Amino acid sequence: EDQVTQSPEALRLQEGESSSLNCSYTVSGLRGLFWYRQDPGKGPEFLFTLYSAGEEKEKERLKATLTKKESFLHITAPKPEDSATYLCAVQARTGNQFYFGTGTSLTVIP
Amino acid sequence: DAGVIQSPRHEVTEMGQEVTLRCKPISGHNSLFWYRQTMMRGLELLIYFNNNVPIDDSGMPEDRFSAKMPNASFSTLKIQPSEPRDSAVYFCASSLSARTGRNNEQFFGPGTRLTVL
């Protein structure tokens, strides 16, 4: 069964304190792994797509990496505006649907 | 592009009433998804369409839920009759589903917050 698990559920960081969020997945053939950011009261906002193990993508203070079993979202020197819930999703080779994790709620304290 | 458009943004109704949620996907996208989000269960896929055809509706909780996509630029999700446990945020998302598997990311609308009293 295709499955996505994110950890931790919640993370509080001091401004400037780097850390990583984890997304572990089980899927019968990975088509893509996706990271989203969701702010309160809004829809998820697309961040990255990773397609194969070893791939990395970067955007400002965020870097996403992928292995055959998990993905990490590294946050370097976070700022309060990085506070949000970060969602991970996988898409299997068969079908179009995404399987979402339950997210990591990140709070960055000034 | 205006992105995915959903209406209404908020809906408050009484138990037993019919509710219709609307979605306009991004122009040119050929896949459309309806999700429900709650604190307890997170994001749940209800149904998705490819080229206006329903492909997988296994996430639709009951016969009270139905979805249609009469053309490439419009979809509806209907709940009849509504119940308090249907209270949630309903998201519509669209994507360009390519055979190569690339550029399949989904783009979400702002959601409809439904409250059933």
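See the values below:
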item: 5 Å binning of all Cα-Cα separations within the protein assembly as shown, expressed as whole percents from 0 upward; result: 1, 7, 14, 18, 18, 16, 12, 8, 4, 1, 0
item: Karplus (6.51, -1.76, 1.60) ³J(HN,Hα), θ = phi - 60°, over the stretch A:48-63, in Hz, Gly and Pro reported as x; result: 9, 10, 10, 10, 8, 4, x, 6, 9, 9, 10, 8, 6, 8, 10, 9
item: Cleavage-rule hits, trypsin sites (Lys or Arg not before Pro), the stretch B:43-117, DSSP coil, Cβ neighbours within 10 Å at most 11; result: B:ARG99
item: DSSP loop GluC sites (Glu not before Pro) with at most 11 other Cβ within 10 Å excluded, longest remaining stretch of chain B; result: B:63-117
item: Long-range Cα-Cα pairs in chain A (distance over 18 Å), rounded percent; result: 45
item: Hz values of 3J(HN,Hα) by residue in the stretch A:4-14 - Karplus curve (6.51, -1.76, 1.60), Gly and Pro given as x; result: 10, 10, 10, 8, x, 5, 9, 9, 10, 10, 6
item: Residue range of chain A that is longest and free of trypsin sites (Lys or Arg not before Pro) which are both DSSP loop and sparsely packed (at most 12 other C-beta within 10 Å); result: A:1-67
item: Whether the stretch A:57-106 is rounded, prolate or oblate, judged on the alpha carbon gyration tensor where a/c under 1.5 counts as rounded; result: prolate
item: Cα centroid separation, the stretch A:1-50 to the stretch A:88-110 (Å); result: 5
item: Length-normalised contact order of the stretch B:23-117 in % [C-alpha pairs under 8 Å, at least 6 apart]; result: 29
item: Overall dimensions of the stretch A:15-76 as given by Cα atoms, namely Rg and Dmax in Å; result: 12.2, 39
item: Rg(Cα)/(2.2 N^0.38 Å) for chain B, N = residue count; result: 1.02
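Taken together, the values in this text are just the output of simple stated rules run on the coordinates, not laboratory data. Keep in mind that what you see is a predicted model, and the values were worked out from it rather than measured. Note: ideal-geometry Cβ built from the backbone for every residue, glycine included; neighbour counts use all protein chains shown.
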